[in-house]
1. Quick one: grab the alpha carbon gyration tensor of the chain, order the square roots of its eigenvalues as a ≥ b ≥ c, and give me rounded if a/c is under 1.5, else prolate or oblate depending on whether a/b is larger than b/c.
2. Which listed residue (193, 162, 71) has the Cα farthest towards the positive end of the charge dipole for the chain, taking +1 on Lys and Arg C-beta and -1 on Asp and Glu C-beta about the Cα centre?
3. Using only the alpha-carbon atoms, how far is helix 21-60 inclined from the longest principal axis of the chain? Give it as 0 to 90 degrees, nearest 10.
4. To the nearest 500 deg cm²/dmol, what mean residue ellipticity at 222 nm is calculated for the chain from DSSP H runs of n ≥ 4 alone, each contributing -39,500 (n - 2.57), summed and divided by the residues?
5. How high is the relative contact order of the chain, in percent, counting Cα pairs under 8 Å that sit 6 or more residues apart?
6. If you line up the long axis of helix 123-142 against the longest principal axis of the chain, both from Cα atoms, how many degrees apart are they, to the nearest 10?
7. Which FRET efficiency, nearest 0.05, do residue 82 and residue 132 yield, Cβ-Cβ r, R0 22 Å?
8. What residue among 125, 50, 60 has its Cα farthest toward the positive end of the dipole of the chain, where the charges are +1 on Lys, Arg and -1 on Asp, Glu, each on the Cβ?
Amino acid sequence: MDNKIDFKDLWNKQSVSPPDIKDLLVKLSRFKQSSLRKLMLTNALLLATCIFIVFIWYRFKPEFVSTKIGIVLCVVAMVVYLAVYNRLFGAYKKIDGTKSNTEYLQKLIEIKTKQKFLQSTMLSLYFVMLGAGLCLYMFEYTSRMTAFWAVFTYAMLLLWFGFVWLYLRPKQIKKENAKINALIEKFETINKQLTTDF
């Protein structure tokens with residue numbers, strides 16, 4: 001009696017349920033809305049922060065040049081980051097209900113590419129400029145402190161930057177990438193099924 005079972009053949013014969021296109025379009029719409037909300041919130045928060053920083057400069061009139069350079073670096077970091085981040089706005093707006101599956105897939109891949117540039121190059125530049133700006137800004141005020149409190153203040157600042165850079169940033173990037181990768185994967189599956197059916 002021959003007990004050989006062809007598992008590969010059985011695996012290939014099993015039916016795979018295709019993703020529901022309506023459900024996928026709802027998920028795509030949710031992704032678009034949450035991404036646009038996040039973009040607008042980021043714009044509002046960073047612009048408000050820039051205005052607050054400029055107000056501090058105007059109100060308290062720092063004496064050291066390093067403080068002024070620090071303020072300028074912080075504001076420039078935020079403005080440059082927003083300028084690049086806002087390029088995603090057009091890509092999100094182009095996602096609508098009249099596109100074909102291939103066009104949806106192309107738009108999602110375009111967004112993923114822009115996100116990758118933003119998450120690596122731009123975020124690194126942002127953190128370097130912001131960190132340098134804050135260190136320069138704080139120099140005037142820490143120079144009036146005792147050595148212990150000045151070192152403590154800078155240590156806390158650097159610890160906070162380390163926490164954000166090493167823990168919060170990778171966690172947020174992983175979360176954003178998981179959302180878009182799941183959508184891309186589902187649209188690729190549908191496109192493959194459509195091409196094999198015809």
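Coordinate-derived values only; no laboratory data. For clarity, every value in this text was computed on a predicted model and none was experimentally measured. Cβ placement follows ideal geometry from the backbone for every residue including glycine, while neighbour counts extend to all protein chains displayed.
1. Numbers: a/c = 4.51, a/b = 2.29, b/c = 1.97.
Prolate is the answer for the chain, as a/c is 1.5 or above and a/b outweighs b/c.
2. 71
3. 0 degrees
4. On the way: 8 runs with 158 residues, N = 198.
When only DSSP H runs of four or more count, the value is -27500 deg cm²/dmol.
5. Working: 116 pairs, mean separation 61.8, N = 198.
So the answer I get is 31 percent.
6. Taking the Cα atoms of the chain, the angle to 123-142 is about 20 degrees.
7. On the way: r = 18 Å, r/R0 = 0.83.
With a Förster radius of 22 Å, E is 0.75.
8. The Cα lying farthest towards the positive end belongs to 60.
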